[in-house]
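Structure first, commentary second.
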Amino acid sequence: MKELQSITDLGQNIRETRKNQGMTQEQLAAACGLGIRFIRELESGKESCHIGKALLVVNMLGLKLVIITREEPTRQ
């Protein structure tokens, strides 16, 4: 599991996963129904990327985002 600290971290993870799956940015954009410009900007960590579209890309790549509170109570 990787901890993301920024949109840049998310973009890097998306890029790595896409490349590991042998996809081009163009192929990913087409599979998601998005423009290539959005994929490029997301992978480069553009702060104003639309979260809904970013989640679509994450899901298309088979990634899973999990939100965990920083101070989770210990389980007993």
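The values are calculated or read from the model by the stated rules, or taken from the named source; none is laboratory data. Quick caveat, the model's predicted, so the values are computed rather than measured. All Cβ positions, glycine included, derive from the backbone under ideal geometry; neighbour counts span all protein chains shown.
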Residue within region 33-52 that is out of contact with any Pro (no Cβ under 7 Å at 6 or more places or on another chain), under 16 Å from residue 2 (Cβ atoms) and loosely packed, with under 12 Cβ neighbours inside 10 Å present: no
message: Which condition from (1) exposed (fewer than 14 other Cβ atoms within 10 Å of the Cβ); (2) β-branched (Val, Ile, Thr); (3) closer than 18 Å to residue 6 by Cα is the one that residue 24 breaks?
response: (3)
Subset of region 21-47 (residues that are in contact with a helix residue (DSSP H, G or I) (Cβ under 8 Å, 6 or more places away or on another chain) and under 18 Å from residue 9 (Cα atoms)): 25, 38, 39, 40, 42, 43, 44, 45, 46, 47
query: Considering only region 39-51, how many residues are among the small types (Gly, Ala, Ser) and either in contact with a Ser or Thr (Cβ under 6 Å, 6 or more places away or on another chain) or at pLDDT 95 or above (or both)?
result: 2
